[in-house]
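Have a look at the structure below before the remarks.
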Amino acid sequence: MIISMRLHASQAEIDAVRARIEEFGYRVHSIQGEERVVIGVVGIGDVTACLESLEAMPGVEKAVRISAPYKFVSKEFRSERSQIRAAGVEIGGDEFVVMAGPCSVENERQIMEAAEQVAAAGARLLRGGAFKPRTSPYDFQGLETEGLKLLRKAKEATGLGIITEVMSDRDVELVAEYADILQIGARNMQNFALLKTLGKCGRPVLLKRGMSSTIKELLMSAEYVVAHGNANVILCERGIRTFETQTRNTCDISAIPVLNELTHLPVILDPSHATGKRSLVPALSRAGVAIGADGLIVEVHPCPEKAISDGAQSLDIPQFRKMMQDLKPYINLWSQTRMAETAATV
Ligand code: PEP
Ligand code: MN
């Protein structure tokens, strides 16, 4: 069950609700929000009687039964889409948001050029890893703090918000100083210590689907972040492992409408890691727009043949520019659909 208190419900009212929940034999799992408090309730008992009793209490706006194991992120909890703001950009709203930039921050020249060029082509946030999860311990691991400083410089020069990966709960505070969105990589989707720390970090989180994770597991991981206090989670489909070898991963394109049915959180597509091949990125990006994603995160490098990581799947600048141009009619249709949907819900 989820209990939404009225705006500015008093502490005494919240305490009384908590006591009533416990009298019914349930446990208060989490209490979130300052202005509008939402109480998550778990346990076994007489749900109907408990809901009826709570709804009659002062300060309670709504008490609802949630059958999904992921409660706060489910559509049952909130039927309208959630919008997440980062660096003045709204994700999940009326704009299709493209985030772009290199896989890794490599040096000042590379990141500045990438930032300027992707901004000019219409990207709204700059991506670039300073902490890199690499399969081999001998591969480039990222510039770490130096990389974060370069991202800040690129932000100052272009105005683009920054999305960058954090790999360990130890680094959340540091990365949150520089990033507008914290990216959680596929390999860390179930790093529960990290997810709990993100709940307290006060920055939006982009949670990538693990390469062997189900959609339900992705939603459970998002629930960790939200249940620990951070409602600003964006989900990302980036391809999963299958027996197919023509692509680096298999893009589970249907995950996007599935997620749109199950959750109110924004969902974006990463066509770069989903395919591993730059030639496939524009087609997948079109598919992402058409199928109702809220945005894309795309790898773009000023000189992909010299990239330290993921060069084969990175677009160069002219390719990115062309892709953005070619996406325009699709994005126009996307906007019309989104506006019609917004008009129908108000
Ligand atoms: C990345 O964005 O460069 C990355 C490592 O992505 P993923 O975690 O999806 O593999
Ligand atoms: Mn990459």
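Just so you know, all these numbers are worked out from the coordinates, no wet-lab data involved. Because the structure is a prediction, the values reported are computed rather than measured. Note that each Cβ is placed from the backbone with ideal geometry, even for glycine, and that neighbours are counted across all protein chains shown.
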request  = Kindly list the number of the only condition in (1) in contact with a strand residue (DSSP E or B) (Cβ under 8 Å, 6 or more places away or on another chain); (2) more than 20 Å from residue 74 (Cα to Cα); (3) surrounded by fewer than 24 Cβ atoms within 10 Å (Cβ to Cβ); (4) touching a residue at least 12 places away in the same chain (Cβ under 8 Å) that fails for residue 300.
outcome  = (3)
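Being assigned to a loop (DSSP other than H, G, I, E, B) and within 16 Å of ligand 2 (Cβ to nearest atom) is the requirement here; does residue 248 meet it? Explain how you work it out, then say what you get.
Numbers: assigned to a loop (DSSP other than H, G, I, E, B): yes; within 16 Å of ligand 2 (Cβ to nearest atom): yes.
So residue 248 passes the test.
Only residues that are assigned to a loop (DSSP other than H, G, I, E, B) and crowded, with 21+ Cβ neighbours inside 10 Å: list them for segment 124-153, please.
Correct list: 124, 128, 130, 131, 132, 142, 143.
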task = Quick one: count up the residues across segment 260-283 that are more than 12 Å from ligand 1 (Cβ to nearest atom), surrounded by fewer than 24 Cβ atoms within 10 Å (Cβ to Cβ) and assigned to a loop (DSSP other than H, G, I, E, B).
result = 2
inquiry  = I'd like to verify a number: residues in segment 284-307 that are away from ligand 1 (no atom under 11 Å from the Cβ), in contact with a Lys or Arg (Cβ under 9 Å, 6 or more places away or on another chain) and farther than 20 Å from residue 258 by Cα, how many?
reply    = 3
query = Among (1) among the hydrophobic types (A, V, I, L, M, F, W, C); (2) closer than 18 Å to residue 297 by Cβ; (3) touching a residue at least 60 places away in the same chain (Cβ under 8 Å), where does residue 184 come up short?
reply = (3)
ask   = What are the residues in segment 211-248 that are within 17 Å of residue 69 (Cβ to Cβ) and in contact with a helix residue (DSSP H, G or I) (Cβ under 7 Å, 6 or more places away or on another chain), if any?
value = 215, 219, 221, 224, 225, 228, 233, 235
